[in-house]
Every structure is written in C-alpha cells, then in structure tokens.
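Have a look at the structure below, then the notes.
Bear in mind that the values in this text are calculations on the coordinates, not laboratory data. Note that the coordinates shown come from a computational prediction; the quantities given were computed from them, not determined experimentally. Ideal geometry is used to build each Cβ from the backbone, glycine not excepted, and the neighbour counts take in all protein chains shown.
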Amino acid sequence: MKRTCLFGHKKSFKILSEKLEMFSFGKKELNFSICKDCGFIFQSKTVEPSEMKNYYKKSIVAFDNLYKPTRDKVKSVNRHINIIKDEMSVFPKSVLEISCLNSYVLKQFKKNGTKIIEGLEPSKIVANGLKNKEKIKIHNTSIEKFNFKKSYDLIILTHVLEHLFDPLNVLKKCFKSQKNDQYVLLEVPLFDNIESYPNGTFFLEHLSYFSENNFLKLVELSGYKTVYISKTFESTVLPFITVVAKKSEKKNKNGNLWFNDFKSFKNFQLKDNSKIKIQNKDFRKQNNNLKKFLRINNSLWSKINKRINKFDKKKSIYIYGAGFHGSQLLFYTDIEKKFTIEGFIDSSKAKDGGYIGKYKIFNPFSNKIKLSSNIVICSNYSESAIYKSLYRLRKKGMKTYRIYN
C-alpha cells in the first residue's frame, strides 16, 4: 500500500527502504519518506490495512491485567490524571479510552471521580477479558469502525495515532462526536532528540513520525484547540509529546475559527507567509534529524555485525526474538552468511510454529530445540530480562549471546 503526506502535500522523497521477512506478513518492502513541504515523516510503502488488522488479531492474544502495572505505567497514568485535573475545570464524568490492553487507566480515572468509564479494544480476547473479569464496558471494534452513540467528556488516545493509517480522520471523528468544551488527551512519540533513538525504531507498526509542529497541525486540522503541550525526553524509551485539546467554537488569536477541514487551513496558509516559513524550517530540522538518525542507525547495526562476528561459528544458532527487530537483524547484518540458523525462539504463544522467511519459530520450552546450538538474543529493550530467562538452557550447554550489552 502506498501512503502520502497526511496534510495533502505532494512533494516527498524516500529516505529509507527495508526489505524484511516478517512473522504474519511474509516478505515485504517498507519505505519511509519525508514531505518537503511540512517535514512530516511517514511510511510511504507499507502493508495493507487488512494485513495489519490480521497481525494485531494474531499478536494480541491476552490482556496484561494478570501483571502488576510497571513503575513507568503508574508514573505515566498519574501524570496524565494530574494534567487533566489542571486543564479541565471539572474532572471528566465520562471517559473513553481507545485501545486498552488493561483496565488500569480507566480504573484510576474512576478512582478520581469519573462516573462512566468505557474502552475500545479491537482484540476480541482482550475485550472479552476486560468485560468478564473487570466488568468494564468495552466496545470490541476499531476506532475507524466505532459508532459513537454518546459524547464523552474525555477521549484518551495515548500512543495510538502513530499506529493508524489515517490519524487525521480518526481525530475528526472524535471531534464530531463531542460537544463543546469536551476534551481529548493525546500522546505520540516525538521525532526529536535523535541521540536517544535506538537503531531499528523505524518499523512497521509506527506509520507516522511526528515533529511538534506537524503534530499540533494535525490536532488543529481536526478541529480541536490545543490547551496543553508537554514534551518528555529522558525518562522514557523514546521522546514523546503530550497534548490536551478541546472542542471549541471560539476564535483563535488570529481571529480565525479553529480549522475543521483541510481547505480552510490551506487557504489560511496561502495568505500567511509566516506559516509557510515555519513549514520550511520544520522540513530542514526534520531532514537533519533524519540524516542524524540514519548515521546512528547504520553505525549501531555495523557494531552489531562486528560483534556477532566474534561468536562461535562452529555451532548453529537460534535467534531469540521473532519480532520486527529480528527481521531487521537479518536485513542489516551478515548473520545468515556467517551462521547456520536453526530458527527463531519467542515466548509469544501466537508465534509458536510460525515462520520468519524459511525459519521456524519455537517456544523457549520446546523439546525440539537443538541443545547443541547457541542462541543470539535480538532485543534492544528486553535483552537483560531475556538473558536471565535463558539460564535453564545455559545450564544445558547452550551459549546465549547478547548483541547490545
């Protein structure tokens, strides 16, 4: 599937192409491009929406209420609730959370005074789990297909919009469903502070890579008025931007109504040269960020390639991690040329027995794993935890190599 700039601009150019063998999708080429007019970075060639839907259906097979919320989760939700308390004159009586893998967010809003809590979750298994065990009203559908039958004081879309094929239409749909002075809470990764970006973070699930300017433009085009902005850089895996916006018929500081459609925004652009200059400046900044990211990305993969060259090549290997990063390891390094690969190992039950290219995926407790082989761990987030979990196989003689730590 081909995608273009969300803001209707026609001039863009490709900055990265990856030909990957992936679980669920098979062999695909992913292209990433930047818009010359506004600096928006996006997947310009990707999978079909139906393929992505099928992937999420396969991958999300359990909700995480079985686990204690992580410290980061607790911290993030507390921060969001405090922001809402500060920005809304009355704490929301009704809240809808889009894509909820657990009940923690909604429960915390209820604890703070929300009367109606509802969630929207595409995964049938997750939705049923939340309905049956938590007694929370969950709509088992996607936001694109959801039929709003009521207006909510607050709609939460945190780390959702970057996954959507058309986030602008989704925001417009939310705007249309709400009444004046009702709000949205939005959060997306921010393509800034590039030094903190790990390699491989341009990947299939993230279809859009926002700057502050083009994200705020997305919010404004949908009709909302932004009332709160914050950016987080160091206490998170990736930098992100948080926005609270409300539906309002009031005029902005320029005397114009907050834009509800692209045509009115485009006409305003043509009359306001300063707006065009901001866009050009944003392109230059984002293009420089891209160049920096590509240098870091290539450098880190090069270091990994040199590192795996020191591993024992006399023994065959399994690659632990059958996600996109595992697919990228095959693409960016010479691991297939240097080693005999027996397959992939992954703890996800959904992936057990599946394939990445010609390589079968095994559960770590499978008795079909050849103990005469070694394991290369491919994860830039969970490497230490995976290493510890493989203690049982190390006791049986398998070496477990880390490519990062």
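Kirkwood hydrodynamic radius of the chain, from the reciprocal of the average inverse Cα-Cα distance over all distinct pairs: 23.0 Å. Axis angle, to the nearest 10 degrees, between helix 124-134 and the longest C-alpha principal axis of the chain: 70 degrees. A helix-only calculation puts the chain at -10500 deg cm²/dmol for mean residue ellipticity at 222 nm, using -39500 (n - 2.57) for each DSSP H run of at least four residues, averaged over all residues.
From most to least packed by mean Cβ count within 10 Å, the peptides 147-154, 99-106, 283-290 give 99-106, 283-290, 147-154. Scanning residues 5 or more positions from residue 97 or on other chains, those with amide H under 5 Å from its amide H are 118, 119, 120, 156, with H placed 1.01 Å from N in the peptide plane. Of all DSSP beta bridges confined to the stretch 312-402, the antiparallel ones make up roughly 15%. Close amide H partners of residue 245, meaning residues 5 or more places away or on another chain with modelled amide H under 5 Å apart, are 184, 186, 227. The peptide list 313-319, 32-38, 169-175, put in order of mean Cβ contacts within 10 Å with the highest first, becomes 32-38, 169-175, 313-319. For the chain, give me the percentage of DSSP beta bridges that are antiparallel, rounded to the nearest 5 percent. The answer is about 55 percent antiparallel. Angle of helix 212-221 to the longest C-alpha principal axis of the chain, folded into 0 to 90 degrees and rounded to 10: 50°. Among DSSP bridges having both ends in the stretch 114-247, what percentage is antiparallel? Round to the nearest 5. DSSP beta bridges in the stretch 114-247 are roughly 60 percent antiparallel. Tell me, which longest segment in the chain has none of the GluC sites (Glu not before Pro) that fall in DSSP loops with at most 16 further Cβ atoms within 10 Å? In the chain, the maximal stretch lacking such sites is 250-405.
Here the 3J(HN,Hα) profile of the stretch 282-290, calculated from phi with Karplus coefficients 6.51, -1.76 and 1.60 at θ = phi - 60°, is 5, 4, 4, 5, 5, 5, 5, 4, 4 Hz, Gly and Pro shown as x. Cross-link partners for residue 58 among the lysines, with Cα-Cα distance under 16 Å and sequence neighbours closer than 8 places in the same chain left out: 124, 349, 351. Computed from point charges on the beta carbon alone (+1 for Lys and Arg, -1 for Asp and Glu), the dipole magnitude for the chain about its Cα centre is near 580 Debye. For the chain, set up a GNM with springs between Cα atoms under 10 Å and report which of 348, 24, 366 has the largest fluctuation. Of 348, 24, 366, the Gaussian network model singles out 366 as fluctuating most. Among 236, 114, 158, the largest mean-square fluctuation in a Gaussian network model of the chain (Cα springs under 10 Å) belongs to 236. Computed over the stretch 1-158, the Cα gyration tensor eigenvalues convert (square root of 5λ each) into semi-axes of 33, 21, 15 Å, ordered from largest to smallest. Other residues lying with their Cβ under 12 Å from the Cβ of residue 211 contribute a combined charge of +2, Lys and Arg counting +1, Asp and Glu -1.
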